[in-house]
Amino acid sequence: MPKQHTFKVVLLGESAVGKSSLVTRFVRDQFDPYKESTIGAAFLMKVVPIDNENSANLHIWDTAGQERYKSLAPMYYRNAAAAIVVYDITQAASFERAKSWVKELQRQAEPGIVIALAGNKTDLSDRRTVEYAQSFGLLFFETSAKTGDQISGLFTELAKKIPIA
Ligand code: GDP
Ligand code: MG
């Protein structure tokens, strides 16, 4: 039996970039374009293999409040082993916001937190306004929660980068 390691993962990013949709696609392999937006916090988990001996039990926190109430965010990312900062490739402002989240995490979060940047909604590439981002040395993926493009790659690569204690 592989050894299972539990890690807290948080999602950050502007409202409507697709954070909840990314998590739903990853955990349930579903996409619901009419789903109402997140109220409060949602918590989902999924186990992903890391190697022959280890697997990661990802405890994924998806909240709504962090978008509007900036003061809530530090409470939310406290003790997180990893963070996924999401923007929408059709919304330039969401990319600017994502960059400021990355800076905040690098300054304020647990040292060693693994950060991934995700440019979501690649299925809307005809409306793209953000070019394939320079990855700032972070893990970087362009994803689509709608089609499932790169979603498992994002979470699996993230899990593999988290140091095993
Ligand atoms: P959140 O506020 O960041 O959690 O965003 P949601 O997951 O609630 O998604 C906001 C809106 O964008 C919803 O209407 C989703 O159906 C839509 N959406 C999310 N991901 C994608 C995607 O990859 N492609 C497209 N076309 N729409 C998406
Ligand atoms: Mg949401």
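Each residue of the stretch 46-61 was assigned a 3J(HN,Hα) from its phi angle through the Karplus expression (A = 6.51, B = -1.76, C = 1.60, θ = phi - 60°), giving 7, 9, 10, x, 9, 8, 4, 9, 9, 9, 10, 9, 7, 9, 9, 9 Hz with x at Gly and Pro. With 0.36 nm allotted per residue and the present C-alpha distance subtracted, the Arg68-Tyr132 stretch has 20.4 nm of extension available.
Accessible surface calculations at 1.4 Å, restricted to protein heavy atoms, place the chain at 53 Å² per residue. Taking the 0 to 90 degree range and rounding to the nearest ten, how far is the long axis of helix 19-28 tilted relative to the main principal axis of the chain, both from C-alpha atoms? Computed tilt is about 50 degrees.
Would the stretch 1-118 count as rounded, prolate or oblate if I go by the C-alpha gyration tensor, calling it rounded below 1.5 in a/c and otherwise prolate when a/b exceeds b/c, oblate otherwise? It comes out oblate by the Cα gyration axes. Towards the positive end of the charge dipole of the stretch 1-96, with charges on Cβ (+1 Lys, Arg; -1 Asp, Glu), say which of Gln4, Leu44, Val23 has the farthest Cα. Going by the charge dipole, the pick is Gln4. For the pair Ser125 and Tyr34, the difference between a 0.36 nm per residue extended length and the Cα-Cα distance amounts to 30.7 nm. Counting only DSSP beta bridges whose two residues both lie in the chain, roughly 25 percent are antiparallel. Among residues other than Gly18 with Cβ under 13 Å from its Cβ, the summed charge is -3 (Lys and Arg +1, Asp and Glu -1). For the stretch 86-127, taking Cα atoms only, Rg and Dmax work out to 12.1, 38 Å respectively. Of Gln150, Gln30, Gln108, the residue with the greatest mean-square motion in the GNM of the chain, using alpha carbon springs below 10 Å, is Gln108.
The values are calculated or read from the model by the stated rules, or taken from the named source; none is laboratory data. No experiment lies behind these values; they were computed from the predicted model shown. Every residue, glycine as well, gets a Cβ built from its backbone with ideal geometry; the counts of neighbours run over all protein chains shown. The protein model used for the area step is the full one, side chains on, heavy atoms only, and it has no ligands, DNA or RNA in it. Shrake-Rupley method; radii C 1.70, N 1.55, O 1.52, S 1.80 Å.
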